[in-house]
Amino acid sequence: MATDPATWLAQRIPDGWFAGDPEITVDREEIVVIGPLAPDADPKQFREDTRDGRMRVATTAEERFGKKVSWGVRVGEDRYLFTHLAVPVMTRLRQSERIVLDTLIDAGVARSRSEALAWCVRLVDTHQGDWIKELRDALVHVEEVRRRGPSGPLSGERGPAA
């Protein structure tokens, strides 16, 4: 039985829902499933036709993994998210950083500091996406090494007596 949320979900998506393998992204709060549809498919019709099945799969996954499951589709280059979370993030910014956000607001790029910060994050992802992906991939390897590592004082066990 798969313990990885992406693998577990992929095994439970009915055949015929998507025109290929879904993209499944997992973070601390949410699992997002985006499946490719045929070029002539109607995303709204797909959403209606699969609602009950998606809800059953999501409910089971949410209980198992403690994360919200969100759904969407891709038709060509267009992505349609049916559901997704917008998670608040608390941060402390110095004046020079706040001025950047306020400039984006004053210029009409964003309506609030929160929206301006989200815009900045999307901009970094757009321009540094490959680098961010390398970091994510490296973190996967770090986790693997940690799991295989020795147990000792840092894992809660006592070291040799002094």
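The values are calculated or read from the model by the stated rules, or taken from the named source; none is laboratory data. What you are looking at is a predicted structure, and each value in this text was computed from that prediction instead of being measured. In this analysis, Cβ positions are derived from the backbone assuming ideal geometry, glycine residues included, and neighbour counts consider all displayed protein chains.
Of the strands (runs of 3 or more DSSP E) contained entirely in segment 1-90, those carrying at least 1 residues that are buried (at least 16 other Cβ atoms within 10 Å of the Cβ) fall at 23-26, 30-36, 68-75. Pairs under 8 Å by beta carbon, first residue touching a residue at least 24 places away in the same chain (Cβ under 8 Å) and in a helix (DSSP H, G or I) in segment 110-127, partner among the hydroxyl-bearing types (Ser, Thr, Tyr) and exposed (fewer than 12 other Cβ atoms within 10 Å of the Cβ), six or more apart or different chains? Correct list of pairs: 117/91. Listed by first and then second residue, the pairs linking a residue in segment 85-101 that is at positive phi to a residue that is outside any helix (DSSP H, G or I), with Cβ atoms under 9 Å apart and 6 or more places separating them unless they lie on different chains, form an empty list. Among the residues of segment 18-61, those identified as under 17 Å from residue 79 (Cα atoms), touching a residue at least 40 places away in the same chain (Cβ under 8 Å) and not aromatic (Phe, Trp, Tyr) are 23, 32, 34. Among the residues of segment 103-119, those that are within 23 Å of residue 87 (Cβ to Cβ) and surrounded by 12 or more Cβ atoms within 10 Å (Cβ to Cβ) comprise 104, 105, 109, 110, 113, 114, 115, 116, 117, 118, 119.
When residue 26 is tested against (1) at pLDDT 95 or above; (2) in contact with a helix residue (DSSP H, G or I) (Cβ under 6 Å, 6 or more places away or on another chain), only condition (1) is not met.
Of all residues in segment 120-137, those satisfying the criterion of being loosely packed, with under 14 Cβ neighbours inside 10 Å and within 20 Å of residue 96 (Cβ to Cβ) are 121, 123, 124.
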